[in-house]
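Every read-out reported here was derived from the displayed coordinates using simple, explicitly stated rules and does not represent laboratory data. These numbers come from a predicted model, not from an experiment. Here Cβ is always computed from backbone atoms with ideal geometry, including for glycine, and neighbour counts include all displayed protein chains.
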Amino acid sequence: MKITEHHITDEKNYLNRRSFIKKSAKFGAGLALFNSASSLAEGVEGGGWSDKITTTSYGKDLTPHSFKEISNYNNFYEFGTGKRDPAKNAHTLKPNPWHVKISGECSKQGNYDLEDFIAPYQLEERIYRLRCVEAWSMVIPWVGVSLAEMLKTFQPTSKAKYVVFKTLLDKVQMPGQKRPILNWPYTEGLTIAEAMNPLSFLAVGLYGKVLPNQNGAPMRLVVPWKYGFKSIKSIVSIHFQETMPLNTWQEQASNEYGFYANVNPNVDHPRWSQARERVIGRGSFFKPEKRKTEIFNGYGDEVAHLYAGLDLRKNF
Ligand SMILES: Nc1nc2c(c(=O)[nH]1)N[C@H]1C(S)=C(S)[C@@H](COP(=O)(O)O)O[C@H]1N2
Ligand SMILES: [Mo]
């Protein structure tokens, strides 16, 4: 369904911005994703990226957190380990121009310009829960494209059992990489079945505008039934392979972080309970609002079948 700007998740502070008003006037009924300062906007004007975002039923019943909350409480260790560090420091990241390398077990390998990479697909808004392994959560209105649709284009071979994603490696743009906190570049992986699940998403925006750097500009993965660390940011490489990869946090502490990392209230982290989660910005400092954590973060109907017969305690 093509939508008008009334249906997409908006926010007063966003709607009031001049760039938004200018753009939506320019594109009529369609909601322009990119502000005119970015050359990605030229891609829209040049008929590249879609200027229309479709709504979906994902998260219709959820109340999204504010843009301010979503862009000021982040995990992005390439810019520091504090929750406010990414908002403060991520201005050194240059998300434009950007290239994504496709490699491994597929027939259409190549190095793609991000604009061309996204252009063929319909931009969708999806409101998803984000549950961090640290036991906090938010609700985020992402804009992006279906990962499955994207991956099919590259025609993975029958040997493509896993998909591996990598973040940019650049100490200048990502000063946190000067310190050996993690084994850079940040790496994550999914089974091909997980990657092809309709829920898997590549986000390029939130609240209808281009992703803030601190949220993983210009393109990041969103797998809402898994702990947030699976949703790797600022992706430069997508690789198809036959063997299970070792993801960054698993490499760091394999007893604490596994490959699957499905949200599960019944399997505790060795150092804390996963039964409940703190909802960011709700309640008070002394009495934060908590909610019960849901199995697969509430997305069990869509994904539980992927793990049939798998012991979720061993495969955490
Ligand atoms: N490259 C990279 N991706 C990353 C991280 C990171 O440190 N580096 N942190 C992860 C974690 S732990 C979480 S909870 C989410 C947070 O996403 P957000 O800041 O957009 O809410 O990003 C994930 N993706
Ligand atoms: Mo996280």
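Once Rh for region 56-98 is found with the Kirkwood sum over Cα pairs, what is the Stokes-Einstein diffusion coefficient at 25 °C and 0.890 mPa s, in µm²/s? Display every interim value, and only then the final one.
On the way: Rh = 12.2 Å.
Estimated via Stokes-Einstein, D reaches 201 µm²/s.
Put simply, the convex hull of the Cα atoms in region 131-280 casts, on average, a shadow of 9.4 nm². Taking every C-alpha pair closer than 8 Å and separated by at least 6 residues, the mean separation divided by the residue count of region 93-146 gives a relative contact order of 25 percent. Projecting the Cα atoms of CYS106, SER146, PRO120 onto the charge dipole of region 96-173, computed from C-beta unit charges around the Cα centre, puts CYS106 farthest toward the positive end. When the C-alpha to C-alpha distance is required to be over 26 Å, the pairs from LYS209/LYS230; LYS60/LYS290; LYS52/LYS83; LYS83/LYS226 that qualify are LYS52/LYS83.
Here LYS159 is the anchor, and the aspartates and glutamates within straight C-alpha reach of less than 13 Å, apart from those fewer than 8 places off in the same chain, are GLU105, GLU242. A simple count of charges around SER231, restricted to other residues whose Cβ falls under 9 Å of its Cβ and scoring Lys, Arg +1 and Asp, Glu -1, yields +3.
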